[in-house]
Amino acid sequence: MANAGRTWMNSSGNGNVNGNASVRNNAAAGAFGHQHSVRTRASAGSRRSVTPTSRAAAARSLPLDNDPESERVRVAVRLRPRNPMELSDADYADCVELQPELKRLKLRKNNWSTESYRFDEIFTESASQKRIYEAVAKPVVESVLEGYNGTVMAYGQTGTGKTYTLGRLGKDDASERGIMVRAMEDILASTLAPDSVEISYLQLYMESIQDLLAPEKMNISFMEDPKTGEISVPAAELVKIRNLDHFTQLLQLGEANRHAANTKMNTESSRSHAILMVHIRRSTQENGEIDMGQQKYIRDGNHAPTIRKSKLLIVDLAGSERLEKSGSEGHVLEEAKFINLSLTSLGKCINALAENSPHIPTRDSKLTRLLRDSFGGSARTSLITTIGPSARHHAETASTVMFGQRAMKVVNMVKVKEEFDYERLCRKLEAQVDHLSAEIDRHERSRETDKVEMQKLLEELRNSSAEAEAHFVTRTELLQKENARLTLRMQDLLQELDSHQRQNASLLDKIASLEVHMRKNKFLQEENARLEFELNNAVDDLKCLKDQNAVIRSEFTNLETSLKHGKQLNNSENQKILADTTRMYEEKIADLMKQMDKEKIGSSLAEEEIKKMKEQLTDAQLMLQRTQDENLKFRKTLTDTTKMYEERVELLNQKLAEEHARIEEIDELDYTKKLLQISAKEEIDELQMRLQEMHNLHETATNELQLLSIECKNIESEKTKLQQELSAMRQRLQVEERQRKEAEKELLKMMRVVPESEDGFEEKVSYMHENRGRTTSDFHSPQSVHKCRSRESILSQRDTITKICEEVGFQKILSLLESCDLDVQIHAVKVVANLAAEDINQERIVQEGGLDALLKLLDSSLNTTILRVASGAIANLAMNETNQGLITKKGGAKLLANVHCKTNDPQTLRMVAGAIANLCGNEKLHSLLKEEGAIDALLKMTSHGNDVVIAQVARGFANFAKCESRRIMQGNWRGRSLLMEDGGLSWLISNLNTSTPSTRRHIELAICHLAQNEENAPDFISSGGHKELIEISGESTREDIRNLAKKTLRLSPLFQRELKA
């Protein structure tokens, strides 16, 4: 690979004066790795004329983002930095424009025509080896680890970096390691002890396969499996990889044995196709499987263990070359013929696969046969195509791009290669047989021991059974005699019980008669009480009669007295009445006397009856008392007797039950004797099972105990390890804290080292094409050499600042922009400006608030240095279309327009004019730029008369006019140009003949594009601009500008009339 510094040049003659008119000054000590170089990409806002052919090609581009076929070949493009030859060649501009965010590549045929292609990945010259590996090769490596075959291949012109991308060892710098080393590192990290990784390293040199690890093996033959069609090279040296250092040694050995030659295109041009074959053998089962699981696995017998065999091919193709450019001759010429022949065969196969041809010519070359599985086979394939930027090699670059486009149409049917691992299964079965045999021997020994013990136990049981049987026979005879005696005793007791029952029955009869007699006595008592009550009533009646008798007697006495008195009064009249009354009362008295006699007789009778009844009652009470006493005695006797007999009956029942139980025990004894032998065997079996279970439990417990102890030890070790890691982490944090402080100090030092000139951070505007008309010797003048060296030192300083930024932190640097110390603020904005000069940093600057901070400085600061550097940083950011929209949305155009009022410094005004000129290249912002005074500010800045400011203003007007012209041609806008309203045409005409050559070219382009608008034609005629246009068509130093002026004059009716007049 060639190492060279890089200086990107403007190609203003192609009509694209927006983004491509700027210079990106970046270091590139190595073509890819030693110093990361950044090549100019046209800004997203730039527009180029697209021919119908290019539009058709864009329409044919594949929809890669949503490709449903995940098995198709993935293709990436990597752009090589410019080498010293290309840097010194001013006649050839870059023909490649990359748009990584769109995954698009634009290939420029000429100044007006471009072809657009889309790929899976686009890598600029600044892309790191790690990023390329992760995007291109890592998915293939992961698939290979899962059991698929995979291929990573590099294709491209000689000297474009294929070997650097694939085979770079990176001994001094690990970041430069290529795909081979990184892939092996991932493979070794993902494989375990049982897995195996083996490699063979071959080269295809002049259609002869040679082993790079064993150079003595020449012209090796390969074999094709008739069933699967798989190609293998059995005679190749197959080396098992131990570690990454072992692999790098083998890789270095292979590179030393590979054929290379010195050509005009490359000092170390590979003259053979190198193929690294990595064979991986992995088991599908997890490692560390326990024995019990293996036993169960074998007993189930569901399936045998499987292994996955996969193969990774990393192919470094030799570069295609043209003899007139490479200068090959002699043996090198023969090598080139074979290289081109094999690459042509590969291209034919790719074409046939892309077009679904029924015949694929894989047998035309050994290379295509070796790669048959990679294209159209079962492998997952990634292709990286490498190209150069120079238009000198446009044909080779276009051929490489088209090869990648056709390869993207190839679809592979990937599949896992899985086989039964009979060797592993056999080893497992042998181990299990040994283990089971040992277990059987151990069980047999334990069974013999148990058998002896069980026989001893059985003999003891038999002896004890005989003794128990003799004891039971003797006991049975005694129980039978006792049973006979108890039976006789029971019969006597039953007879005695019958006699007592008869006595009890007689007693019960007497008790019943006594109860009847007691009821009669009770009736007599009731009757006696009734008679006593009636006697008392009779006595009361008698007393009443006595009282009545006394009353009658008193009345009678009174009557007698009254009669005597009446006789005296009226003896004659009342004698009769008195006789009647007397007779009546006498009758009553007689009746009463009779009644009284009767009552007396009845009373005497009643008293006699009462006396008798009292006597009878007394006798009855005495008899009842005696009966009750006897009844109590009989009841007590009956209760005692009943209780005694119940106790005897219960005792007899108990004895009878015991006898029955003893008899049952005797019966059960025979049954027990019969079951003893059966139960003995069962108990022996059960004891053996329990013994086995106890043994298993013991083993399980032992294993678990061991596992727990191991786990405990692991936990203790992990604890110790964590404590050590914690202490180490604390120490690292302390070291990092010290490093951070040192880095901050280093940053402050580096800030002061940043050059005071604006060459390190100015916007990427190039004026190198101003001298396109100079001779080649001009580029080798002392002044040119001094500029190149100065630019290389600036790029070296940028790399240093970038590294410090990564260590300190970008946010920390942005915070210094708000520092109160003016010196710190100036150095911080210079660092940000240097970072903004790199494309890879611009997105991060915008995302983390760098753009806002720069705009804030423009608004608030009055320091000329800060305004100059901040304007330059914004000019760099304005190269991107997305950033252009953000700048104008945040009021950046107005702030830039106001800066010219704050300072008269020419360098500051140049930066401001350059930033506005970049914004003019975006047609969507034209109206806003005019409203916010940016166009007016450009015209006012020319009043200072500084040439560099006028050059930037002219570039801005050219961008503005070109975008307006394109909008009019596309039918998106009509009307008088906005530049006409601010006097832009007058300024262009007045400065056309007084400017420097580069400024004059910008003015000529602006006038030509303004003249293409028919609405501007009257202004041209009235101001004499059409005469200047005529002069440009004949005297311009650029042919394309002369042709554009002639075309404009020819197509405009007004200009034609003026010419005829």
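The values are calculated or read from the model by the stated rules, or taken from the named source; none is laboratory data. These numbers come from a predicted model, not from an experiment. Ideal geometry is used to build each Cβ from the backbone, glycine not excepted, and the neighbour counts take in all protein chains shown. The protein model used for the area step is the full one, side chains on, heavy atoms only, and it has no ligands, DNA or RNA in it. Shrake-Rupley method; radii C 1.70, N 1.55, O 1.52, S 1.80 Å.
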Worksheet item: Given the protein chains as shown and a 1.4 Å probe, how many square angstrom of H827 are accessible, to the nearest 10?
Response: 10 Å²
Worksheet item: Hey, if you drop one equal point scatterer on each alpha-carbon of region 819-972 and run the Debye formula without solvent, what base-10 log of I(q)/I(0) do you get at q = 0.09, 0.13, 0.19 Å⁻¹?
Response: -0.26, -0.54, -1.13
Item to complete: Express in nm, to one decimal, how much length is gained between A590 and T641 on full extension, taking 0.36 nm for each residue of separation and deducting their alpha carbon distance.
Response: 10.9 nm
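Give me the Å³ per residue figure for the convex hull around the C-alpha atoms of region 399-536.
566 Å³
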Worksheet item: What whole-number value in Å² describes the accessible area per residue of region 963-1061 for a 1.4 Å probe?
Response: 48 Å²
Practice prompt. Order the peptides 361-372, 963-974, 154-165 from the highest to the lowest mean number of other Cβ atoms within 10 Å of their residues.
Written response: 154-165, 361-372, 963-974
Discussion item. If I compute solvent accessible area with a 1.4 Å probe over the protein chains, what percent of it on region 151-193 is carbon and sulfur?
Written reply: 46 percent
Item to complete: Express the accessible area of region 834-891 per residue in Å², computed with a 1.4 Å probe while the remaining protein chains stay in the model.
Response: 34 Å²
Worksheet entry | Pairwise label distance in nanometres, T994 with N972, each label 7 Å out on the Cα-Cβ vector | 3.6 nm
Worksheet item: Tell me, what % of the accessible area of region 358-400 is carbon and sulfur with a 1.4 angstrom probe?
Response: 49 percent
Worksheet item: Which net charge results for the neighbourhood of V539, defined as the other residues with beta-carbon distances under 11 angstrom from its beta-carbon, given Lys and Arg at +1 and Asp and Glu at -1?
Response: -4
Worksheet item: Any idea what the dipole of region 318-385 comes to, in debye rounded to 20, about its Cα centre with Lys/Arg Cβ at +1 and Asp/Glu Cβ at -1?
Response: 280 debye
Worksheet item: If one computes P(r) from the Cα atoms of region 104-183, what percent of pairs lie at distances over 15 Å?
Response: 65 percent
Discussion item. Could you sort the peptides 201-212, 328-339, 947-958, 590-601 by per-residue average Cβ neighbour count (10 Å cutoff), highest mean leading?
Written reply: 947-958, 201-212, 328-339, 590-601
Worksheet item: For K481, which lysines qualify as cross-link partners when the Cα separation must be under 23 Å and same-chain residues fewer than eight apart are set aside?
Response: K655
Practice prompt. Let me know the Rg and Dmax you get for region 941-984 when you use only its Cα atoms, in Å.
Written response: 12.6, 38
Worksheet item: Once you sort the root eigenvalues of the Cα gyration tensor of region 936-1022 as a ≥ b ≥ c, which label holds: rounded (a/c under 1.5), prolate (a/b larger than b/c) or oblate (the other case)?
Response: prolate
Worksheet, complete the sentence: Counting only protein heavy atoms and rolling a 1.4 Å probe, one gets per residue an accessible area for region 414-516 in Å² of 77 Å²
Fill in: Furthest towards positive pole of dipole, Q1056, F1020, A1045, structure part region 1007-1061, Cβ charges
Q1056
Worksheet item: Rg and Dmax of region 129-237, using alpha carbons, in Å: what are they?
Response: 15.7, 47
Worksheet item: At a 1.4 Å probe, what is the % contribution of carbon and sulfur to the accessible area of region 844-927?
Response: 46 percent
Worksheet item: What shape does region 969-1061 take by its C-alpha gyration tensor, where a ≥ b ≥ c are the square roots of the eigenvalues and a/c under 1.5 counts as rounded, a/b above b/c as prolate, and the rest as oblate?
Response: rounded
Worksheet entry | Gain in span if fully extended, E664 to K309, counting 0.36 nm per residue against the direct Cα distance | 119.9 nm
